[in-house]
Amino acid sequence: MNPTSDKVLLSARGIVKNYGHVQALGGANFELREHEIHALVGDNGAGKSTLIKVFSGDVQPDEGVLEIDGRPARFASPRDAQVAGIETVYQDLALASTLDTAMNIHLGRELLVRGPLAKLGFINRRAMKRNAAEQLKELGIELPSFTIPVSDLSGGQRQAVAVARAAAWGRRILIMDEPVAALAPQQTEFVLSLMRRARDDRGLAVIFISHNLPHVFLASDRVTVLRHGQTVLTKPTAETDVEELLRAMTGIMNTEGRASA
Amino acid sequence: MNIGTHGSASSEHSPAKQLRELAARFFKLESALLVAILGAMIVIFTILSPSGEFFSSGNIRSIALDTSEILVLSAGEMLIIVAAGLDLSIGSVVVFSSVVGAKTLVALSGSPAQVAQFTYPHLALGITAGVAVAVLAGLGWGLVNGLLTAKWGVPPFIVTLGTLSVAVGLAQVITGGLNVPNIPPALQNSYGSGQLFGIPWLVWTAIIVVGILWVLLELTRYGLHTYAIGASPEAARRAGINVRLHTISLYGLMGLLAGIVGVMDVARFDTASIFAHTQDNLTAITAAVIGGTSLFGGRGRMLGTVIGAFIPATLRNGFVLIGVEPFWQNVALGSVLITAVYIDQMRRRRARIA
Ligand SMILES: Nc1ncnc2c1ncn2[C@@H]1O[C@H](COP(=O)(O)OP(=O)(O)O)[C@@H](O)[C@H]1O
Ligand SMILES: [Mg+2]
């Protein structure tokens, strides 16, 4: 296992988020250290996606403290989180379906033409296409075409675009909400290795949500379990096992000592 | 490792890939198809009209003049539809703008007694102020539409249906239900019926405005964000785009354009006519949709909209010249519209399957 540094990069304490009468988060805690892959697990509806949306500026919590580098942070919009170096692959991907791959990768961060026209916001499509090609090549992702709308790509290819965008722009924290859900085994292995490279080669910290516990044990340094919007366990992955995680996720033990829903 | 190797899409000569490329090429051709349709209309009308009258420079000029106002409105409406919005209030805003612009113009050009005798000692001041008031009034209505849509999250269909009614109602209150009289003929003589290189100033205005919007949509960040918001406001927001502000600016821009059209209208007809423009919203939406703009947002090309805007006046004019009852224009236009919507539906279905 990769020796993670002890320096805390992101810390969240007592995060509460209500949607009407539904409490998505009821005081969740989370701590992300530098250079670690931190798995976030829990049952459907446990609040995993909501929690990472707080980190990505997509959701504003009702209560709780968020700190980056030990300093209080408030993300009023996804832009704020991006500025802090946080990039996210959302569970529902969030691509602009009618735009092509290169535009999706650069959306919100367009490359402009040189000269005075840049002041007027003239975009440089050629440069974006070139840059997207480079980024994808560096990440080892191949796509059939940059110029067709992403709605014409397969599910796995769209996933690749979303992953590529986050990996290309992430400077400090990479968040992946079930990034392998739509992928074949070979592609899954690819995404897991991409997370490792992000950590080892580029020094990023990764938050990795997965339903698949074998993936968690394969890829993560530490693991946090959410249940009903609360944090019930955080441990180095090497010091826990499937049984313990399942027990934490469900809160139930049956007579054979095996967890079940 | 190759994450793209999903399904058959990345193998070089697979049928799926070929089909996809063929489809992509067809949709690029869509604009070409529209050009061909308009071209065919022109050829047919020219052959059938007495001594080719349809294609005379005078007649072409007249079609362009009849299209100039709707062209400006269609281009703006198209931007809003690309962002998955809708503005039904544009005709009312044109009327409101032309009324307050004309009122200002008349009031500042001279004393009531002077104006009644068509004497305008302060003509330059009056025209400047009138134009400014008209354009700003349009902008104001647009911002109202944008703010209500973006802040309240009320569907733009409802918001602009409301302002459609309020704007024209206020215009009627201001004028007592009468057209604004005593507008200085100088405005019409110079701008409204003037020409440059044989092309009317009103047509030049449309060319310039549409050109700017074209560049804005296709070449700038603003345009790209407009497409992105139409494709998925959620994706746009998460990419760091200020979706609310952008939406407000789009409706504001549309209002501004309606204000400009208000000025064009006063200059052309030498009056602020409060009973006109009731169909402008539908005509502009039709132009955009015929031109391939998807009502679901995220898709559309300016060239298509421009052609779509020319089709109604071309049909009307052509039918008159070849002696077909002009009522057929509506039948033809509606059929073209339904065909365009059908194509859009097919495209969406194909996109979902792919
Ligand atoms: N935008 C929303 N509106 C209403 N309820 C929501 C919303 N987002 C999440 N929830 C609810 O909050 C709970 C947690 O959801 P989520 O964070 O998506 O869980 P997970 O990702 O762990 O499956 C669920 O009960 C879900 O229905
Ligand atoms: Mg989730």
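One table, with the values for the structure above:
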{"read-out": "A:PRO3 vs. criteria at pLDDT 95 or above, more than 14 Å from the chain's Cα centre (by Cα) and either outside any strand (DSSP E or B) or within 16 Å of ligand 2 (Cβ to nearest atom) (or both)", "value": "no"}
{"read-out": "Unmet criterion (only one of (1) surrounded by fewer than 20 Cβ atoms within 10 Å (Cβ to Cβ); (2) more than 12 Å from chain B (Cβ to nearest Cβ); (3) out of contact with any Asp or Glu (no Cβ under 7 Å at 6 or more places or on another chain)) for A:GLU110", "value": "(2)"}
{"read-out": "A:ILE148 vs. criteria of a type in the set (Val, Ile, Thr) and within 16 Å of the chain's Cα centre (by Cα)", "value": "no"}
{"read-out": "For A:GLU134: the one exception among (1) assigned to a helix (DSSP H, G or I); (2) within 14 Å of chain B (Cβ to nearest Cβ)", "value": "(2)"}
{"read-out": "Qualifying residue in the stretch A:94-111 (condition: within 16 Å of ligand 1 (Cβ to nearest atom) and within 19 Å of the chain's Cα centre (by Cα))", "value": "yes"}
{"read-out": "Of all residues in the stretch A:57-84 being farther than 18 Å from B:ALA235 by Cβ and charged (D, E, K, R), the one that is surrounded by the fewest Cβ atoms within 10 Å (Cβ to Cβ)", "value": "A:ARG71"}
{"read-out": "Of the criteria (1) more than 18 Å from B:PRO155 (Cβ to Cβ); (2) away from chain A (no Cβ under 14 Å); (3) of a type in the set (A, V, I, L, M), which one B:ALA239 fails", "value": "(2)"}
{"read-out": "The stretch A:206-219 - residue that is closer than 16 Å to A:LEU32 by Cα and either within 14 Å of another protein chain (Cβ to nearest Cβ) or within 16 Å of ligand 1 (Cβ to nearest atom) (or both) and, of those, farthest from the chain's Cα centre (by Cα)", "value": "A:VAL216"}
{"read-out": "Criterion (touching a Gly at 6+ places or on another chain (Cβ under 8 Å) and either in a loop (DSSP other than H, G, I, E, B) or modelled with pLDDT of 95 or more (or both)) met by exactly one of A:ALA94, A:ALA46, A:ALA39", "value": "A:ALA46"}
{"read-out": "Verdict on B:LEU178 being modelled with pLDDT of 90 or more and not charged (D, E, K, R)", "value": "no"}
{"read-out": "Qualifying residue in the stretch A:108-127 (condition: touching a residue at least 12 places away in the same chain (Cβ under 8 Å), more than 27 Å from A:ASN212 (Cα to Cα) and part of a helix (DSSP H, G or I))", "value": "yes"}
{"read-out": "Long-range neighbours under 9 Å by Cβ, at least six apart or interchain, first residue away from every other protein chain (no Cβ under 11 Å) within the stretch A:181-205, second outside any helix (DSSP H, G or I) and hydroxyl-bearing (Ser, Thr, Tyr)", "value": "A:ALA181/A:SER210; A:MET195/A:SER220; A:ARG199/A:THR4; A:ALA205/A:THR4"}
{"read-out": "Residue in the stretch B:197-209 that is touching a helix residue (DSSP H, G or I) at 6+ places or on another chain (Cβ under 8 Å) and within 14 Å of chain A (Cβ to nearest Cβ) present", "value": "no"}
{"read-out": "Test for A:VAL8: is it away from chain B (no Cβ under 14 Å) and within 16 Å of ligand 1 (Cβ to nearest atom)", "value": "no"}
{"read-out": "Looking only at the stretch A:184-212, and only at residues there that are within 16 Å of ligand 2 (Cβ to nearest atom) and either in a helix (DSSP H, G or I) or not aromatic (Phe, Trp, Tyr) (or both), the one that is surrounded by the most Cβ atoms within 10 Å (Cβ to Cβ)", "value": "A:ILE207"}
{"read-out": "Tally of residues being more than 14 Å from chain B (Cβ to nearest Cβ), out of contact with any His (no Cβ under 8 Å at 6 or more places or on another chain) and within 6 Å of ligand 1 (Cβ to nearest atom) across the stretch A:39-69", "value": "5"}
{"read-out": "Residue count for the stretch B:277-288, restricted to those that are surrounded by fewer than 24 Cβ atoms within 10 Å (Cβ to Cβ) and either touching a strand residue (DSSP E or B) at 6+ places or on another chain (Cβ under 9 Å) or in a loop (DSSP other than H, G, I, E, B) (or both)", "value": "2"}
{"read-out": "Unique match (being more than 8 Å from chain A (Cβ to nearest Cβ) and assigned to a helix (DSSP H, G or I)) among B:ASN182, B:ASN189", "value": "B:ASN189"}
{"read-out": "Filter result for A:LYS53 (part of a helix (DSSP H, G or I) and either in contact with an Asp or Glu (Cβ under 9 Å, 6 or more places away or on another chain) or within 16 Å of ligand 2 (Cβ to nearest atom) (or both))", "value": "yes"}
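Residues are listed down the side, and each one gets a yes or a no for (1) assigned to a helix (DSSP H, G or I); (2) more than 14 Å from chain A (Cβ to nearest Cβ):
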site	(1), (2)
B:GLU234	yes, no
B:LEU245	yes, no
B:LEU250	yes, yes
B:LEU256	yes, yes
B:VAL261	yes, yes
B:MET264	yes, yes
B:ARG268	yes, yes
B:PHE275	no, yes
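The values are calculated or read from the model by the stated rules, or taken from the named source; none is laboratory data. Note that the structure is a prediction, hence the values are computed from the model and not measured. Cβ: placed from backbone, ideal geometry, glycine included. Neighbour counts: every protein chain shown.
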